[in-house]
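Encoded as structure tokens, the structure appears first; notes follow it.
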Amino acid sequence: MNAVDPSLQAAPIADWRTYPISADLVGLDATRDSLQVTWSDGRVSPFHYQWLRDNCPCSQCVYGVTREQLLEIVDVAEELAPQRTCIDEQGHLLIDWQGGHHSRFHPGWLRAHAYDLASRDERQAQRPQPQLWGAELAEQLPRFDYQAVLEDDGTLLRWLLAVRDLGLTQLVAVPASEGVLLRLAKRISFIRESNFGVLFDVQSKADADSNAYTAFNLPLHTDLPTRELQPGLQFLHCLVNDATGGESVFVDGFAIAEALHQESPELFDILCTTLVEFRNKSRNSDYRCLAPIIALDAEGRIGEVRMANFLRGPFDAPVERMPALYRAYRRFIALTREPRFRLQRRLEAGQLWCFDNRRVMHARSEFDPASGARHFQGCYVDRDELLSRIRVLQR
């Protein structure tokens, strides 16, 4: 491969990312409806003319300030054909279109978006995958220093990647003061407000509007399954924990779902396809959501777990499906109780949990409010904000 000037690594009017040139353009073969591109590593990538014209990066087609497209493909003739194609001295693909338009494609950008089978498989393999875990994570739990996360972008990125890939992290040396959590959460992005407030206080209350605000044993659950979109990240900051009991318990919901899938695909399928109503009611609010307990993403992978038995309404399913639904539901909960999946640890003052609420189910053992004070503060940040912050830091 020829040496490339580093200044050419960035594609003009791209999307603030750089596109390394992993292979040079070495051959072009025009067919009736596409251009067959040959790369220096032997890969051949077909690009349809419609696709190439649709993705022209010139200033007439993309506004350079916002990097957003101006062209709508319907405004271009459906039967497109280039008058001339060539590879310029800098290795870019040049296309002169019939009608007088000119396009210039950076080879790094073009390779990164090629849609031949090998290129698509390559991109799929490079996508981050969740790292499933069980009780063994107790010995390997990622712990990060609060002040380092606030002050150092490298530490911030490592923390956020751990949250993305494992779904559970702990921060230490956090000042045990009310409101401190706001500064940390805003290090990522916007905080998601709910009917429980921007910050919510987790402590025993006489007039509780959630079981979380009692001293009862709180079973494994995800927060706010009653919402169309469950909060992504949840933070729990310990201000004081002098009470007897009240240990935190965590289970990787993706690991549970995968275990169920391996053990009984038919029961897994029932929890993916049966809608369950979750409800949260108080004097001033009434939230309800119909959704499956296990949700698959657009690519068919496990993307979300939704569970809170204490917020679940009666099952509503066809008569013939009800027995199997109960078998699936019982088995899912039984798996979460197996020691191999459970991480249990007491959170002390000055420590903080951050976890993916749409993946990791959390619980709290019963505590005795008469034995000492127990006060946590929490807040939510959506998953989109986590992923956006990671991408910006990785630039």
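The values are calculated or read from the model by the stated rules, or taken from the named source; none is laboratory data. Note that the structure is a prediction, hence the values are computed from the model and not measured. Please note: Cβ atoms are built from the backbone with ideal geometry, for glycine as well, and neighbour counts cover all protein chains shown.
General remarks:
For every residue, the table says whether it meets (1) under 21 Å from residue 15 (Cα atoms); (2) outside the structural domain of residue 20 (by TED's automatic domain parsing); (3) under 32 Å from the mean Cα position of the chain (by Cα); (4) in contact (Cβ under 8 Å) with a residue 40 or more places away in the chain.
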position	(1), (2), (3), (4)
36	no, no, no, no
87	no, no, no, yes
94	yes, no, no, no
109	yes, no, yes, yes
117	no, no, yes, no
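- Which listed residue, of 265, 314, 318, 323, is more than 24 Å from the chain's Cα centre (by Cα), under 29 Å from residue 382 (Cα atoms) and modelled with pLDDT of 95 or more: 314
- When residue 70 is tested against the conditions (1) closer than 30 Å to residue 171 by Cα; (2) assigned by TED's automatic domain parsing to the domain that holds residue 15, the lone failure is (1).
- Matching residues, the range 140-168, being part of a helix (DSSP H, G or I) and farther than 14 Å from residue 352 by Cβ: 151, 153, 154, 155, 156, 157, 158, 160, 161, 164, 165, 166
- Search result, residues across the range 289-316 that are hydrophobic (A, V, I, L, M, F, W, C), closer than 15 Å to residue 225 by Cα and in a strand (DSSP E or B): 289, 290, 291, 294, 295, 305
- Annotation: of all residues in the range 102-134 being charged (D, E, K, R) and farther than 20 Å from residue 42 by Cα, the one that is surrounded by the fewest Cβ atoms within 10 Å (Cβ to Cβ) is 127.
- Residue tally, condition under 12 Å from residue 104 (Cα atoms) and assigned to a loop (DSSP other than H, G, I, E, B), over the range 62-88: 1
- Residue match in the range 337-351 (condition: acidic (Asp, Glu), closer than 30 Å to residue 179 by Cβ, in the same structural domain as residue 262 (by TED's automatic domain parsing) and buried (at least 17 other Cβ atoms within 10 Å of the Cβ)): no
- Look at the range 126-148: where a residue is closer than 14 Å to residue 160 by Cα and a partner is in a helix (DSSP H, G or I) and among the aromatic types (Phe, Trp, Tyr), sitting 6+ places away or on another chain with Cβ atoms under 7 Å, you get 130/254; 144/159.
- Lone qualifier among 234, 262 - being of a type outside the set (Asp, Glu), in the same structural domain as residue 314 (by TED's automatic domain parsing), surrounded by fewer than 16 Cβ atoms within 10 Å (Cβ to Cβ) and not in a loop (DSSP other than H, G, I, E, B): 262
- Qualifying residue in the range 113-131 (condition: touching a Leu at 6+ places or on another chain (Cβ under 9 Å) and among the basic types (Lys, Arg)): no
- Residue list for the range 15-61, restricted to those being of a type in the set (Val, Ile, Thr), assigned to a loop (DSSP other than H, G, I, E, B) and crowded, with 18+ Cβ neighbours inside 10 Å: 21
- The range 339-395, residues that are assigned to a strand (DSSP E or B) and of a type in the set (D, E, K, R): 342, 345, 356, 364, 368, 374
- All positions within the range 232-247 that are closer than 14 Å to residue 353 by Cβ and at pLDDT 95 or above: 233, 234, 235, 236, 237, 238, 239
- For the range 363-374, the condition holds for at least one residue, the condition being that it is within 29 Å of the chain's Cα centre (by Cα) and closer than 26 Å to residue 159 by Cβ.
- Looking only at the range 185-211, and only at residues there that are modelled with pLDDT of 90 or more and touching a helix residue (DSSP H, G or I) at 6+ places or on another chain (Cβ under 7 Å), the one that is nearest to residue 378 (Cα to Cα): 199
- Of everything in the range 287-306 that is more than 22 Å from residue 327 (Cβ to Cβ) and not charged (D, E, K, R), the residue that is surrounded by the fewest Cβ atoms within 10 Å (Cβ to Cβ) is 298.
- For first residues located in the range 231-245 and within 15 Å of residue 182 (Cβ to Cβ), partners that are modelled with pLDDT under 90 and assigned to a strand (DSSP E or B) and lie 6+ apart or on another chain with Cβ distances below 8 Å form the pairs 236/202.
- Out of 29, 15, 24, 41, one residue alone is among the acidic types (Asp, Glu), at pLDDT below 95 and farther than 15 Å from residue 102 by Cα. It is 15.
- Test set (1) in contact (Cβ under 8 Å) with a residue 40 or more places away in the chain; (2) aromatic (Phe, Trp, Tyr); (3) part of a helix (DSSP H, G or I) - residue 326 fails condition number: (1)
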